[in-house]
Amino acid sequence: MHAIITTTGPDRVGIIAAVAGAAAERDLNILDVSQTLMDNYFTMVMRVALPDNTPDMGELQEHLAAVGDKLGVIVRIQSEDLFTAMNEV
């Protein structure tokens with residue numbers, strides 16, 4: 001199963017490292033990453049592969065949100081299917 005991690009907020013040093021580290025702590029393999037900086041506003045989208053013994057999405061969300069809180073950014077995770085369905089035009 002794949003998921004999408006989105007990160008948004010004011011730019012600062014260490015965002016990519018912290019979110020990637022939090023993903024690694026849960027054995028999420030980063031398959032693709034895109035990040036943009038616009039007027040000091042940081043946006044990142046990561047596509048990750050979830051391990052077979054994946055904890056529930058709620059637990060992953062809490063883990064990633066806690067990292068985002070420390071950085072002053074918002075970090076969310078959704079299944080790839082849900083993300084795609086919500087973002088199709």
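So what is the accessible area of the stretch 2-72 per residue, in Å², with the probe set to 1.4 Å?
56
Magnitude of the Cβ-charge dipole of the stretch 7-77, K/R +1 and D/E -1, about the Cα centre, nearest 20 debye? Walk me through the numbers on the way to the answer.
Numbers: 5 positive and 10 negative charges, 42 e Å.
The calculated dipole for the stretch 7-77 is roughly 200 debye.
Relative contact order (percent) for the chain, with alpha-carbon contacts under 8 angstrom and 6 or more residues of separation?
About 43 percent, as a whole number.
Per q in 0.12, 0.17 1/Å, what log10 I(q)/I(0) does a Debye calculation on the alpha-carbon atoms of the stretch 2-86 return?
-0.31, -0.62
Not counting ligands, DNA or RNA, and with a 1.4 Å probe, what is Leu37's accessible surface area in Å² rounded to the nearest 10?
90
Report ³J(HN,Hα) in whole Hz for each residue of the stretch 36-52, in order, from the Karplus equation J = 6.51 cos²θ - 1.76 cosθ + 1.60 where θ = phi - 60°; Gly and Pro get x.
Per-residue couplings from phi come out as 9, 10, 10, 6, 6, 10, 8, 9, 9, 10, 10, 9, 10, 9, 8, x, 4 Hz.
What angle, in degrees between 0 and 90 and rounded to the nearest 10, separates the Cα long axis of helix 57-71 from the longest principal axis of the Cα atoms of the chain?
With both axes taken from Cα atoms, the answer is about 20 degrees.
Hey, quick one: spin label on Ser79, modelled 7 Å out along Cα-Cβ, who in the stretch 1-23 has an amide N within reach, i.e. under 20 Å?
Residues 1-6 qualify, since their backbone N sits under 20 Å from the label point.
Would you please give the FRET efficiency between Thr8 and Asp52, computed as 1/(1 + (r/R0)^6) with r the Cβ-Cβ distance and R0 = 25 Å, to the nearest 0.05? Could the numbers behind the result be given before it?
Details: r = 30 Å, r/R0 = 1.19.
Once rounded, the FRET efficiency stands at 0.25.
Percent of accessible area on the chain owned by carbon and sulfur, 1.4 Å probe?
Whole-percent figure for carbon plus sulfur exposure: 53.
How far apart, in nm, are two points set 7 Å out from the Cα along the Cα-to-Cβ line at Tyr41 and at Ala66?
My value for the distance between the label points is 3.0 nm.
The values are calculated or read from the model by the stated rules, or taken from the named source; none is laboratory data. Only a predicted model underlies this, so the values are computations on that prediction, with no experimental measurement involved. As a convention, Cβ positions derive from the backbone with ideal geometry for all residues, glycine included, and neighbour counts pool all protein chains shown. Note: areas computed on protein heavy atoms with side chains; ligands, DNA, RNA excluded. Shrake-Rupley method; radii C 1.70, N 1.55, O 1.52, S 1.80 Å.
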